[in-house]
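The values are calculated or read from the model by the stated rules, or taken from the named source; none is laboratory data. Model, not experiment: these values are computed from the prediction. Ideal geometry is used to build each Cβ from the backbone, glycine not excepted, and the neighbour counts take in all protein chains shown. All accessible areas refer to the heavy atoms of the entire protein, side chains included, with ligands and DNA or RNA removed. Shrake-Rupley method; radii C 1.70, N 1.55, O 1.52, S 1.80 Å.
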Amino acid sequence: MLKYLLVTLLLINQGFALDLENLLKNVKTTSNQELIAEQQRLKDFIENKEEQKELLIKVTNELKIENSETKKLKKIIEENEKVLAEKEAELNLKIGDLGEMFGSVRQTSADFLTNYQRSFTASEFPQKEEIFTKFSNSKKLPTIEELTLFWHTMLDEIIQSGKVSTYQANVILQDGERTLQDVTRVGVFSAFSNGNFLKYSNDINSLIELSTQPPSVYISNAKDFQASKAEIKSVLVDPTKGTLFEMLGNKPTFMDRVHQGGIVGYIIILLGVLGLLFAAYKILFLNLIHTKIKKQQKNLENYDETNSLGKIAGVFYKNVNDSINDLEIKIGEAILKETNHIKKGQSFVKLLAAVTPLLGLLGTVTGMIATFQAITLFGTGDPKLMAGGISTALITTVLGLVTAIPLLFAYTYISSKAEAIVSVLEEQSIGMLAKTLK
């Protein structure tokens, strides 16, 4: 085995040595060829020495000519720069107030562009934006024709602000669908389609239906106005171009205010509803009793024990033969019994009239505590945070007062009515007792 390994290594060594010898031969051959080529080039250069000398002289002469031409051109440039400076000074002198006029045109165009992008006329005349944009961004003096075009565009915008126009435009509905509809524009202030009021968005170059529309009566007026031809019709106009409608849409409704009161507000409303229902029942009950008593007063001898005066009359006539003291005691007991029946529940209405404002105050105090805690956490940097919290806290006070005021009136009426009925019973009782004395 070792013998075969040695033979293999020997063969590899010999092969590697042969490769190095071949490499050395190739290097020597290449070097000799390059040396011969270099010698040939040197020989050719020496043989063409005179020709190279003539070429150098020619190039030198051409360089002198070009340098002379450069000096002449440089002198011409300097003279032209002087002339250009003189012409610029002359131009500035002749321009005079045109520079100020150009600045005024740019400023006016920028102002018109800002107003135009928020105006409803942009949906009818979109080509005006390019004119205003061109002048507001221009860096050179406009020509007479351009100034005339700008002037006419400004005048047309002013004229359109006082016109009512009907045209077709793209409208984005509340569900996001884009449709081509007939739009009626009132100056630059309001626009509506199919009675729905619109606003213009320059970002998407389209009219958009307001998410919150005004009351139905104004929508009906808008439809009549859009359908009219030569008649005089009234229509709602928003001078803020839709902003006022959106603010009115964000205004809390009655139910939103109620929900702001929280659980205390719900308790106040529940107590108020119960109190008013009971007060209404009590008022009807007392009026019914009073009506029956008036009817009974006309004929006490034919007494009807379904009413208070009839019961007292029944006690009198059933015990008319008793002594005056016994009869007075029995009638007094009957009057006291009827008085309790008449005044029953009266104190409940009074209690609710007194409790509901206190509950409102409780809700306000707890709400203010929550507001001050929010201020402690977030500071006073946002006035809306404070105003919103205080407004929410005061809602319970409003609910308490709104509930207590009608309850207080109801209690006063119930109390006075009950006292009047009791007074009638006492007067009639004394009259009947007086008959026995005779």
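In segment 138-171, the qualifying residues are those that are closer than 19 Å to residue 185 by Cβ and of a type in the set (Val, Ile, Thr), and the one that is farthest from the chain's Cα centre (by Cα) is 153.
All conditions but one from (1) of a type outside the set (S, T, N, Q); (2) assigned to a loop (DSSP other than H, G, I, E, B); (3) open to solvent by 40 Å² or more (accessible area, probe 1.4 Å); (4) under 14 Å from residue 238 (Cβ atoms) apply to residue 218; the one that does not is (2). Of the residues making up segment 173-209, those that are open to solvent by 20 Å² or more (accessible area, probe 1.4 Å) and more than 20 Å from residue 116 (Cα to Cα) are 173, 174, 175, 176, 177, 178, 179, 180, 181, 182, 194, 196.
Read through the list (1) farther than 24 Å from residue 191 by Cα; (2) modelled with pLDDT under 75; (3) open to solvent by 40 Å² or more (accessible area, probe 1.4 Å), then give the number of the only condition that residue 112 fails. Here residue 112 clears every test but (1). Candidates in segment 282-322 are the residues that are aromatic (Phe, Trp, Tyr) and not in a loop (DSSP other than H, G, I, E, B); of these, the one that is least open to solvent (accessible area, probe 1.4 Å) is 316.
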